[in-house]
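Undergrad: Have a look at the structure that comes next, please.
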Amino acid sequence: MKNLTILGSTGSIGCSTLSVIRQNPTLFKAYALVGGVNVAKMTEQCLEFKPIYAAMADENAAKQLQHNLQQANLTTKVLSGEQAICDLAQLPEVDQVMAAIVGAAGLKPTLAAVKKGKRILLANKESLVTCGHLFMQAIKTYGAELLPVDSEHNAIFQSLPAEVQTNLGFASLAEHGVTKIVLTGSGGPFRYTPIEDLKHVTPEQAVAHPNWSMGKKISVDSATMMNKGLEYIEARWLFNASPQEMEIIVHPQSIIHSMVRYSDGSVIAELGNPDMCTPIAYSMSYPNRIKSGVPPLDFLSLSELTFKQPDFERYPCLKLAIDAFNAGQATTTVLNAANEIAVEAFLNHQIGFMEIAHYIEQVLSKSVLSEPASIDDVFAIDEWARAEMNRQLKG
Ligand code: NAD
Ligand code: MG
């Protein structure tokens, strides 16, 4: 029986993780659950999974949760605040930590788990985007085990040789016969929309992803393809890939979740229905396989599998992210923070869809920051970028 702490249990990835546990109750226990403010969802999860601990980021939310659980005579211990969340990621009884808090808020708790050498099931892409170098070094220093949950990275991980899997981020791809990491992306809901109409896109249209059901922030990122840009950055760190070893392809059906090209001409891909329970289950059970609850892929009901080149005019955010990686860690941190604020502004009807990239570019052009040497430096850069973006938005 493996004990899990689920950081972000009330979110989309968190709920899917609990659904995989529901499928395998004799193999996994939801030992500690962590959420932000959604008390109703957390109450429901505690009633079903009876974790030993539950924590909310928000103190009032924790009080409300405590009250609800007492009413139900549940003995789950309720905590609140960032330090308590980090403590739950470090519990000695916990084997695996699902890192699924959204945004830079996920950084400290995820690193706390790394420092205790846990198996990290990494959904929070911001950990790698904002401090990939420091994060990968920490994984090595503390002997933690890193399993990518993001579906593309999980697919690539599944398609890589075992020697690369067990020395992730440090093994040479070329020495193991790998010539390219092929990152696929659906292109989001507006892949066929005429470019001149994109400026009229509403938040409601942007969050309705055609293939995947996800949180709001990542859904908007999929529509701008900033998500693929963040994944490009994630992939370069995770797989120790050079720019020449990376390829991005739009694959609208999301059936192939990414691929690896080898020097002999072989391409190994992972295919399946677009459901995050598959990569989550694999990250929990690796190197074995367990049930995920995802129905088998029915090849005969598939239409065509198609592919096209990503177009930077349609997806300026993708280009910004690729260039940011090449500029360095300070720039990717600025990009990430600026994007978080811009997406929020778009969701609040404050700026238009095509203005997201414009505002991020403005903030990037103002950045003259030196490379971060510590996590505190990363937070300082993150803070500067948020403040600068807010200044730009006030205009
Ligand atoms: P979501 O918005 O549905 O859930 C986020 C979770 O984080 C919630 O439980 C929320 O309560 C919690 N949270 C937010 N702020 C917090 C704080 N300060 N302290 C503690 N908890 C906090 O998001 P999601 O779609 O589940 O995505 C989670 C992460 O996984 C993101 O980094 C995202 O990029 C990544 N990811 C998601 C998917 C997906 O399919 N949803 C796929 C790949 C990667
Ligand atoms: Mg993904």
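Undergrad: Could you order Ser254, Ser303 by accessible surface area, starting with the largest, using a probe radius of 1.4 Å? Don't skip to the answer; put the middle values down first.
TA: Numbers: Ser254 5, Ser303 95 Å².
The ordering from most to least exposed comes out as Ser303, Ser254.
Undergrad: Sequence-distant or interchain residues sharing an amide H contact under 5 Å with Glu270, placed H: which?
TA: The answer is His257, Ser258.
Undergrad: Suppose every Lys and Arg Cβ carries +1 and every Asp and Glu Cβ carries -1, with no other charges. What dipole size does the chain come out with about its Cα centre, to the nearest 20 debye? Walk me through the numbers before you get to the answer.
TA: Numbers: 31 positive and 40 negative charges, 174 e Å.
For the chain, the charge dipole is close to 840 debye.
Undergrad: Could you list the trypsin sites (Lys or Arg not before Pro) in region 280-354 that lie in coil according to DSSP, counting only those with at most 11 other Cβ atoms within 10 Å of their Cβ? Working shown, then result.
TA: On the way: sites: Arg289, Lys291, Lys308, Arg314, Lys319; in loops: Arg289, Lys291, Arg314.
Counting only loop positions with at most 11 other Cβ atoms within 10 Å, the trypsin sites (Lys or Arg not before Pro) in region 280-354 are Arg289.
Undergrad: Right, next: Nearest-5 percent of antiparallel DSSP beta bridges in region 119-275?
TA: Numbers: 8 of 17 bridges.
Within region 119-275, antiparallel bridges account for around 45 percent of the total.
Undergrad: Over the chain, what is the relative contact order in percent, taking alpha-carbon pairs closer than 8 angstrom and at least six residues apart? If you can, show how the numbers build up before the last one.
TA: On the way: 734 pairs, mean separation 59.8, N = 395.
Worked out over the chain, it gives 15 percent.
Undergrad: Quick one: of the DSSP bridges fully inside region 2-148, what percent are antiparallel, nearest 5? Can you show the working numbers first?
TA: On the way: 0 of 26 bridges.
The answer is about 0 percent antiparallel.
Undergrad: Here is a further query. Provide the per-residue ³J(HN,Hα) series for region 335-350, in order, calculated from phi with Karplus coefficients 6.51, -1.76, 1.60 and θ = phi - 60°, each as a whole number of Hz, with x at glycine and proline positions.
TA: 4, 5, 5, 4, 5, 4, 5, 5, 5, 4, 5, 5, 4, 8, 6, 8
Undergrad: In addition: Of the cross-linked pairs Lys29/Lys77; Lys228/Lys308; Lys29/Lys108; Lys125/Lys216; Lys118/Lys140; Lys50/Lys77, which ones have a Cα-Cα span greater than 19 Å in the structure shown? Don't skip to the answer; put the middle values down first.
TA: On the way: Lys29/Lys77 16 Å; Lys228/Lys308 14 Å; Lys29/Lys108 23 Å; Lys125/Lys216 15 Å; Lys118/Lys140 12 Å; Lys50/Lys77 10 Å.
Cα-Cα > 19 Å for Lys29/Lys108; rest within.
Undergrad: May I pose another question? Grab every C-alpha pair in region 2-148, bin the distances at 10 angstrom width from 0 up to the longest one, and report whole percents.
TA: 13, 46, 33, 8, 1
Undergrad: With no solvent and one equal point scatterer placed on each C-alpha of the chain, evaluate the Debye formula and give log10 I(q)/I(0) for q = 0.13, 0.14 Å⁻¹, two decimals.
TA: Computed log10 I(q)/I(0) values: -1.12, -1.31.
Undergrad: Whole angstrom only: what separates the Cα centroid of region 16-85 from the Cα centroid of region 93-126?
TA: Measuring centre to centre over Cα atoms gives 17 Å.
Undergrad: Cα atoms only, region 245-395: Rg and Dmax in Å?
TA: 19.7, 55
Undergrad: Farthest toward the dipole's positive end in region 316-394, which of Ala342, Phe353, Gly328, given Cβ charges of +1 (Lys, Arg) and -1 (Asp, Glu) about the Cα centre?
TA: Toward the positive end, the furthest listed residue is Phe353.
Undergrad: Could you state the number of Å between the C-alpha centres of region 269-323 and region 371-395?
TA: 32
Undergrad: Here is a follow-up. Taking the Cα centre as origin and putting +1 on Lys and Arg beta-carbons and -1 on Asp and Glu beta-carbons, what dipole magnitude results for region 52-184, to the nearest 20 debye? Kindly include the intermediate steps, with their values, before the conclusion.
TA: Numbers: 10 positive and 12 negative charges, 28 e Å.
Computed about the Cα centre, the dipole is about 140 debye.
Undergrad: Let me ask you something else. Report ³J(HN,Hα) in whole Hz for each residue of region 132-145, in order, from the Karplus equation J = 6.51 cos²θ - 1.76 cosθ + 1.60 where θ = phi - 60°; Gly and Pro get x.
TA: Taking θ as phi minus 60°, the curve returns x, 5, 5, 5, 5, 5, 4, 4, 5, 4, 9, x, 6, 10 Hz for region 132-145.
Undergrad: What does the helix-only formula give at 222 nm for the chain: each DSSP H stretch with n ≥ 4 adding -39500 (n - 2.57), the total divided by the residues, and the result rounded to the nearest 500 deg cm²/dmol?
TA: Values: 16 runs with 181 residues, N = 395.
Only helices count here, giving -14000 deg cm²/dmol.
Undergrad: Per residue, what volume in Å³ does the convex hull of the Cα atoms of region 196-308 enclose?
TA: So the per-residue hull volume is 169 Å³.
Undergrad: I want to verify a result. In a Gaussian network model of the chain, Cα cutoff 10 Å, which of these has the top mean-square fluctuation: Thr179, Thr166, Thr331?
TA: Thr166
Undergrad: Just to check I understand the Karplus step: with θ = phi - 60° and J = 6.51 cos²θ - 1.76 cosθ + 1.60, what whole-Hz values come out for region 287-304, glycine and proline as x?
TA: x, 8, 10, 10, 6, 10, x, 7, x, x, 6, 9, 4, 6, 8, 6, 7, 8
Undergrad: Here's a follow-up. With a 1.4 Å probe and all protein chains in place, put His251, His200, His209 in order of accessible area, largest first. Don't skip to the end; give the middle numbers.
TA: Numbers: His251 0, His200 130, His209 30 Å².
The ranking, largest first, comes out as His200, His209, His251.
Undergrad: So, one more: Of all the accessible heavy-atom surface of the chain, with the other protein chains kept in place and a 1.4 Å probe, what percent is carbon and sulfur?
TA: Reported share for carbon and sulfur atoms: 51 percent.
Undergrad: Moving to a separate point now. Which far-off residues, 5 or more places away or on another chain, put their amide H under 5 Å from the one on Val201, with H placed in the peptide plane?
TA: Placed amide hydrogens put Phe353 under 5 Å from Val201.
Undergrad: To continue, here is another question. What number comes out for the charge environment of Gly117, summing +1 per Lys or Arg and -1 per Asp or Glu over other residues with Cβ under 13 Å away? Working shown, then result.
TA: Details: positive: Lys115, Lys116, Lys118, Arg119, Lys140; negative: Asp95, Glu145.
Net of charged neighbours comes to +3.
Undergrad: If amide hydrogens are placed 1.01 Å from N in the peptide plane, which non-local residues have theirs closer than 5 Å to the one on Phe28?
TA: Under 5 Å from the amide H of Phe28 lie the amide H atoms of Lys2, each far enough along the sequence or on another chain.
Undergrad: Using Cα centres only, tell me the gap between region 230-265 and region 341-367 in whole Å.
TA: 27
Undergrad: As a test, work out the antiparallel percent of DSSP beta bridges whose residues both lie in the chain, rounded to the nearest 5.
TA: On the way: 9 of 40 bridges.
The answer is about 20 percent antiparallel.
Undergrad: If you count only protein heavy atoms and use a 1.4 Å probe, how large is the accessible surface of Phe312, to the nearest 10 Å²?
TA: 90
The values are calculated or read from the model by the stated rules, or taken from the named source; none is laboratory data. Since this is a predicted model, take the numbers as computed values, not measurements. All Cβ positions, glycine included, derive from the backbone under ideal geometry; neighbour counts span all protein chains shown. Each accessible area value is taken on the protein alone, full model and side chains, heavy atoms only, with ligands, DNA and RNA left out. Shrake-Rupley method; radii C 1.70, N 1.55, O 1.52, S 1.80 Å.
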